[in-house]
Amino acid sequence: MARGQSGLESAGMFKRVLVANRGEIAVRIIRTLRRLGIASVAVYSDVDATALHVRCADRAIYIGESPPAESYLDGEAILEAALESGAEAIHSGYGFLSENAEFAEACAEAGIVFIGPSPEAMRSMGDKVQARRLMSAAGVPVVPGYDGADGRAGALEKAVAEIGFPLMVKAAAGGGGRGMRVVRVEDELQPALEAANREATAAFGDGRLFIERLIEGGRHIEAQIFGDNTGRVAFLGERECSIQRRHQKVVEETPSSAVSDAVRAQIADAAVKAGEAVGYQNAGTVEFLLAPDDSFYFLEMNTRLQVEHPVTEQVLGVDLVEWQLRVAAGEPLPDPLPEPRGSSIEFRVYAEDPRAGFLPRPGIVEELRAPDEARLDSGYESGDEISTFYDPLIAKLVVHAESRELAVEEAQRALGEVLVRGPVTNLQLLRSIAGGEDFAAGRFDVNWLERQLAAATLELATPERALIAAAVADLDPVPSEPWAMGAWRGSGLGGLLRYQVDGEEVDVGHSRTRAGSWALTFAGKTVAVEASAQGPAEWRFDLDGDSFVATARRLPAFVEVRLEGSVYAIERLGLKRQSGPALATRIPGGGAAVTAPMPGVVLKIAVSEGEAVRAGQTLAVLEAMKMEHALKAPADAVVKEVLVEEGQRVEEGALLISLGPAASDAGDEGGD
């Protein structure tokens, strides 16, 4: 038999495969199918009719309306599409139906191969309580906690006295951070149980919970395993996934700088035992918590391909999706396995607003660009729209180098060259992480990012110097540039330029003090700027002795600024306008309007009309883009009116709750 690029034997391969997913993972799978000469079938919802994964596939079939429950989670519709198209197999990627044992069984009954593990393995590991017990019996260390048969809130409360605080509440059927809450004091327990139960029920249709002791200072280490039909389970290296926000991974890498060769051998042994305990086949990930003393504990097993699988592919030089296809077709794993080479890091680029609590911000991707030397996995191209119905992930930027030190340097360069124009993104956060001393030294744990954000030690917004460069370039254009700025400069704005920077509108007042010298006013301050053109689109600036050089390339709707190794798109408003409302806006006179920060569904109304509330108290919970968002009171107040109901879908900016001044505030009015 001939061997493919993966090193696996080329036997009877599938001729047509349906991809039961969307976005970047669907595109990524379809590209592997195309390389292997396998026909691809995409499925799509209303909002995805012209999506990139649809455009990439050989054929696309409509499966339902935009909400996931009516399309990508509709197993019957997907099976009908597979049968209609003549697909021999279904690849579900990750999320949606990828770990649904009932769907895998339905595929088998329909005579279609499900590319993944057996339904029995899914059930064993999909229920986190059962998985804990199974792993303990197999000799895999587990975190101390309560996994009793009764996973309802009342039984869990009784177990807390034995475990103590701090602890972690988790969904028995969960994964990906859904239904997970940290509880440090007793007063937080009941709200955490209610929120985790509600989120788990919505995400998995199963609200059962369990609790584990919270291990402080731990690192999230996961092991990539792969099993074939000969009974062999192989370890393909570990991944470091500790840089997380709200239990969602932001940066991943392999190998982990915290794992010694001795600990790696122990993790490999435990991961293989976990796979063998359930007769695992295909790709899977065993997740562990590594304590500061190098002890480690089983967290869960993801019975699917992981979002961060590209870093493993980069160091091994393989295509794990091809491996999945070949193993599902009955081929064995290669022997020997490929040896890892170098270090790889992945950064997740999201459409979200860091300065608004990382709320997802859907919109049009007007331009998406990355350096050729980096890998960019994305479900979008320029002109595509990010929908409110699905995850706000825009792309995964992946770098690879011969050492971690070189990989970090390559990451800094690549992140500086990435340009996403249109939606607000977390790019500046990723640049701040990659450029920091802690990241370079590998000094972080699972709570590191949350601590840095709370301490405001990471830069979240576009630097003011990029805004200054854009303004000066607009006010004093280089004659050789193709787009003249005279119309902008003389458009009757009366000494005011208006921009959109990271989703925020910024007015820049300006006055020329002399040739090459400007006074710019923005964000409540005035800056004296000396500017001189160094060449086409290149400027040198002096701000009270702080000198820097930037390149500002003017385009019809925005200024592209290159500054200190990073590129920024500074939008001009008047030509384009995009902004979102605040969660809660103070109203003169002591009232407040609580509005929807984005389209979504009202999951919970936590207050009643006439109720007195305190500043920071949760008033309502909105579910949008696969996440829950607590809407809080901006100050002590009284609920005047609740304008929506639980279960109601609302649009961005919709008024949800109106507040009046607190009784003490009202009593103060008119006094001296």
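The GluC sites (Glu not before Pro) of region 163-262 that meet both conditions, a loop assignment by DSSP and at most 13 other Cβ atoms within 10 Å of the site Cβ, are 216. For the chain, the per residue solvent-accessible surface stands at 39 Å², with DNA, RNA and ligands left out and a 1.4 Å probe. A straight line joining the Cα centroids of region 388-450 and region 325-358 runs 15 Å. In this simple spin-label approximation, residue 137 and residue 546 carry label points 7 Å from Cα along the Cα→Cβ vector, and these lie 6.3 nm apart. In the structure shown, do any of 158/273; 158/396; 170/396 have a Cα-Cα gap over 31 Å, and if so which? In this structure, 158/273; 158/396 lie more than 31 Å apart at Cα. Put simply, the Cα atoms of region 372-442 extend 38, 23, 19 Å along their principal axes, the longest span coming first. Peptides 616-622, 98-104 ranked from most to least packed give 98-104, 616-622, packing being the mean of other C-beta atoms within 10 angstrom over each peptide's residues. Convex hull volume per residue, computed on the Cα atoms of region 13-90, equals 70 Å³. When a 1.4 Å probe is rolled over the protein heavy atoms, the share of accessible surface on the chain that falls to carbon and sulfur comes to 49 percent. Each residue, residue 55 and residue 80, gets one label point 7 Å from its Cα in the Cβ direction; the gap between the two is 2.9 nm. Label sites at residue 213 and residue 269, each approximated as a point 7 angstrom past Cα along Cα to Cβ, lie 2.2 nm apart.
How big is Rg to Rh over region 281-413, alpha-carbon atoms, Rh as the Kirkwood inverse-mean-distance radius?
1.01
With the whole protein complex present, residue 562 retains an accessible surface near 80 Å², based on a 1.4 Å probe. Taking every protein chain into account, the 1.4 Å probe leaves residue 187 with about 130 Å² of accessible area, to the nearest ten.
For the chain, the Cα gyration tensor yields ellipsoid semi-axes of 43, 33, 25 Å (square root of five times each eigenvalue, largest first, whole Å).
By how many nm would the segment from residue 110 to residue 514 grow when fully extended, if each residue of separation counts as 0.36 nm and the alpha-carbon distance is taken off?
Roughly 137.6 nm would be gained on extension.
What you get for region 71-166, charging only the Cβ of Lys and Arg (+1) and of Asp and Glu (-1), is a dipole of about 640 debye around the Cα centre. The reciprocal of the average 1/r between distinct C-alpha atoms defines the Kirkwood hydrodynamic radius, which for region 357-396 equals 11.2 Å. Of all lysines in the structure, those lying under 18 Å Cα to Cα from residue 604, and not within fewer than 8 positions of it along the same chain, are 626, 632, 640. Mean sequence separation of contacting Cα pairs (under 8 Å, at least six apart), scaled by the length of the chain, corresponds to a relative contact order of 9 percent. Here the contact order of region 490-546, divided by its residue count and restricted to Cα pairs under 8 Å and six or more residues apart, works out to 19 percent.
For region 529-575, a Kirkwood hydrodynamic radius built from all Cα pairs, placed in the Stokes-Einstein relation at 37 °C and 0.692 mPa s, yields a translational diffusion coefficient of 288 µm²/s. Of the GluC sites (Glu not before Pro) found in region 384-483, those that fall in a DSSP loop while having at most 12 other beta-carbon atoms within 10 Å are 402.
Please work out whether region 171-221 counts as rounded, prolate or oblate from its C-alpha gyration tensor, where a ≥ b ≥ c are the square roots of the eigenvalues and a/c under 1.5 means rounded, while otherwise a/b larger than b/c means prolate and anything else oblate? Oblate, since a/c reaches 1.5 and b/c is not below a/b. The smallest convex shape that holds all Cα atoms of region 1-133, its convex hull, gives 121 Å³ per residue.
The values are calculated or read from the model by the stated rules, or taken from the named source; none is laboratory data. Being a predicted model, the structure only gives us computed values, none of them experimental. A quick note on method: Cβ atoms are made from the backbone with ideal geometry, for glycine too, and the neighbour counts reach across all protein chains shown. These area figures cover heavy atoms from the full protein model, side chains too; ligands, DNA and RNA do not enter into them. Shrake-Rupley method; radii C 1.70, N 1.55, O 1.52, S 1.80 Å.
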